[in-house]
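Contents: one structure, followed by commentary.
The values are calculated or read from the model by the stated rules, or taken from the named source; none is laboratory data. Everything numeric in this text was worked out from a predicted model, so none of it was measured. As a convention, Cβ positions derive from the backbone with ideal geometry for all residues, glycine included, and neighbour counts pool all protein chains shown. The protein model used for the area step is the full one, side chains on, heavy atoms only, and it has no ligands, DNA or RNA in it. Shrake-Rupley method; radii C 1.70, N 1.55, O 1.52, S 1.80 Å.
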Amino acid sequence: MEDYSSSRRLVKDLEPGEHIDQVFLIRETQLRTTRDGSFYIQAELGDRTGYINARFWDATADLFTTFTSSTFVNIKGRIELYRNEPQLIIDNFRPVEASTQDLGEFLASTEKDPTLLFERIKEWAGSIKEPYLARLLALFLEDTSFVEDFKKAPAAKEYHHSFLGGLLEHTVSIGELGLQVCQHYPQINRDLMLTGIILHDIGKIREISSEPGFPYTDEGELLGHVVMGVMMIEEKLKEISDFPGELRQKLLHLIISHHGEYEWGSPKLPMTLEAICLHYLDNLDAKMQAAIRATGEAEDRQSRWSERLNMFDRRRLYKGQE
Ligand SMILES: [Fe+2]
Ligand SMILES: [Fe+2]
């Protein structure tokens, strides 16, 4: 009988030689065939600290169906070294009911304090002098269910800020950059800029679910966060009867054009100072966050190069020698 450790181990700390008995979140699973024609399950299993490749030898189609029947699986297994990377060899598995698990253990979340991040947004909203924009932001920030969702939403399914609180972290990051850019270019309308930054990705609250794997909602898949963000703003604008027409257009243009290119899902290209600025800041923050993650990744410290990244046209990024 193997002696499996029952105390919970974080994925980032797993070492070759360990025997474990604990629950993981399932990310990817495939039923594959070996050269001699027998089946094995290849899976990526994780927790809030990362993912590990896992294998279950001598699988069958039925066992594969059982394996993939839940989002969580209890594994008895051992860690081995495969091509210089830790790999989990599964001796035994048992699907686990999602409702019995604490999601916070399995989903990565922002390392920053969400309360402090949100305070920053409230500060910016409070500093806006244009009365209609100030009123609009107040309507959002007084909406408790909006605020709750805004604080926990990821900013992306993958690519950048794909963790709980990612949307808030991304929004505050662009806000800090935006304040500096507004000082540098006084021609930019600061109130409009800040309002646009705060609201530019709010559609993601409804586009991406905060469940494991951060799947798109049906509405998100069909409409996308750019259009959904406009719809959410329009809902609030109904409560401000005399909101000026041109201001509404300039604000909605910020949301509509922030992806900056037609092929990046932007229905319109930026046509105001604020929209140009928002697009570049958004792009800068998404790319820097992805690059910082990829070059600092704990699970791959041996390598001087990152994985190939879709966001950088499948280039590898150089991490340096140490
Ligand atoms: Fe966006
Ligand atoms: Fe964004």
Of all residues in segment 277-294, how many are farther than 25 Å from SER257 by Cβ and either at pLDDT below 90 or touching a Gly at 6+ places or on another chain (Cβ under 7 Å) (or both)?
2
Only one of (1) open to solvent by less than 50 Å² (accessible area, probe 1.4 Å); (2) under 19 Å from the mean Cα position of the chain (by Cα); (3) not aromatic (Phe, Trp, Tyr) fails for MET288. Which number is that?
(1)
Tell me which of these GLY260 doesn't satisfy, since it passes every other one: (1) within 15 Å of ligand 1 (Cβ to nearest atom); (2) out of contact with any Asp or Glu (no Cβ under 8 Å at 6 or more places or on another chain); (3) open to solvent by less than 30 Å² (accessible area, probe 1.4 Å).
(2)
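Criterion first (open to solvent by less than 20 Å² (accessible area, probe 1.4 Å), of a type in the set (Gly, Ala, Ser) and without any contact (Cβ under 8 Å) to a residue 40 or more places away in the chain) does GLY220 satisfy it?
The answer is yes for GLY220.
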Could you list all residues from segment 169-188 that are of a type in the set (Asp, Glu) and away from ligand 1 (no atom under 16 Å from the Cβ)?
GLU176
Number of the condition not met by SER145 [criteria: (1) open to solvent by 20 Å² or more (accessible area, probe 1.4 Å); (2) touching a residue at least 40 places away in the same chain (Cβ under 8 Å); (3) of a type outside the set (Asp, Glu)]
(2)
Which of the residues spanning segment 157-197 are open to solvent by 10 Å² or more (accessible area, probe 1.4 Å) and either more than 17 Å from TRP124 (Cα to Cα) or under 13 Å from the mean Cα position of the chain (by Cα) (or both)?
LYS157, GLU158, TYR159, HIS160, SER162, LEU164, GLU169, HIS184, TYR185, PRO186, GLN187
Looking at (1) crowded, with 16+ Cβ neighbours inside 10 Å; (2) not aromatic (Phe, Trp, Tyr); (3) not assigned by TED's automatic domain parsing to the domain that holds GLN180, which is the only condition ARG304 fails?
(1)
Pull out all pairs, ordered by first then second residue, where Cβ-Cβ is under 6 Å, the residues are six or more apart or on different chains, the first lies in segment 118-142 and is closer than 17 Å to LEU247 by Cα and among the aromatic types (Phe, Trp, Tyr), and the second is modelled with pLDDT of 95 or more and outside any helix (DSSP H, G or I).
TYR132/PHE243
Listing of helices (runs of 4 or more DSSP H) fully contained in segment 118-236 that carry 2 or more residues being more than 16 Å from ligand 2 (Cβ to nearest atom) and modelled with pLDDT of 95 or more
131-141, 144-152, 166-184, 190-199
Just to be sure, is ALA275 away from ligand 2 (no atom under 14 Å from the Cβ) and in a helix (DSSP H, G or I)?
no
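State all residues of segment 34-59 that are open to solvent by 60 Å² or more (accessible area, probe 1.4 Å) and either in contact with a Phe, Trp or Tyr (Cβ under 6 Å, 6 or more places away or on another chain) or within 23 Å of TYR4 (Cα to Cα) (or both); if no residue qualifies, say none.
Correct list: ARG48, TYR51, ASN53, TRP57, ASP58.
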Return a yes/no flag: does segment 265-283 have any residue that is surrounded by fewer than 15 Cβ atoms within 10 Å (Cβ to Cβ), within 13 Å of ligand 1 (Cβ to nearest atom) and of a type outside the set (Ser, Thr, Tyr).
yes
